[in-house]
Amino acid sequence: MVRQIIVADDHPLFREALKAAVGRLESGAKFVEADSVAALLVAIESEPDADLLLLDLNMPGAQGFNALVHVRGSRPDLPVVVVSADDDAQTIAGALCYGAQGFIPKSTEAGQIGQAVEAVLAGEIYTPPGFHAPRTTPASEEDLRIARRVADLTPQQFRVLGMLCSGLLNKQIAYELDVSEATVKAHVTAILRKLGVTTRTQAVLAAGRLAVDRSSVKPPPDDAE
């Protein structure tokens, strides 16, 4: 059986390294690459039979664990392995808490990457050698509530939320998505309703609860349009 593996990372050299590492054990595997969350959403839609997603936490549009949460909500059948340079115990535990089937630090050598992928494809949960779960829980009840709501967004709503988190105005979002400002406003209204908030700032702060580094979250002014 030919495996279909989506490799989502914004660094082309690292995508090549991942493909080479996995290819050593999965000869003939078909790889689909994505360099942003927007490209990832297209890849997921175009590859309904994909066997695995290798997901970088820090590529454009990811906003910490938000992309992981959204993918797990829209494609619960698709195993996700987070691949990240942020490999402290709290981040690893957070990835597992939000639904990842494995976590591979970017410092992992090629042979171990292949073995990790094999383990996940066999139905196992993979964590790096020496990992010990932290004593403090990586996600509060409020975090998990927000995660469930982010998972319920449509792909287009999730893209708009990512752009809100990046500080874009409605007219800028409309330009990026090639839609009208009225359509963007409708998406924003739906996002606020689904997240259970009333302003753009509150939406960004809600999504920021799933950030790896919450201090990096910078909400827009409430009147940004």
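The values are calculated or read from the model by the stated rules, or taken from the named source; none is laboratory data. Just so it is clear, the model here is predicted, and its values are computed rather than measured. In this analysis, Cβ positions are derived from the backbone assuming ideal geometry, glycine residues included, and neighbour counts consider all displayed protein chains.
When every residue of the range 102-117 is checked against the conditions, none turns out to be more than 20 Å from the chain's Cα centre (by Cα) and among the basic types (K, R).
Restricting attention to the range 30-42, the residues being surrounded by 17 or more Cβ atoms within 10 Å (Cβ to Cβ) and not in a strand (DSSP E or B) number 7. Would you check if L177 is surrounded by 15 or more Cβ atoms within 10 Å (Cβ to Cβ), over 18 Å from the mean Cα position of the chain (by Cα) and free of Cβ contacts under 8 Å to residues at least 24 places away in the same chain? Yes, satisfied. If I go through the range 194-209 residue by residue, how many of them are over 10 Å from R149 (Cα atoms), out of contact with any Leu (no Cβ under 9 Å at 6 or more places or on another chain) and not β-branched (V, I, T)? Residues meeting the conditions: 3.
Suppose the filter is assigned by TED's automatic domain parsing to the domain that holds A43, in a loop (DSSP other than H, G, I, E, B) and touching a residue at least 12 places away in the same chain (Cβ under 8 Å); does L96 pass it? No; evaluated as a whole, the condition is false for this residue. If the condition is being in a helix (DSSP H, G or I) and touching a residue at least 40 places away in the same chain (Cβ under 8 Å), then the range 1-22 contributes F14, A17, L18, A20, A21, V22.
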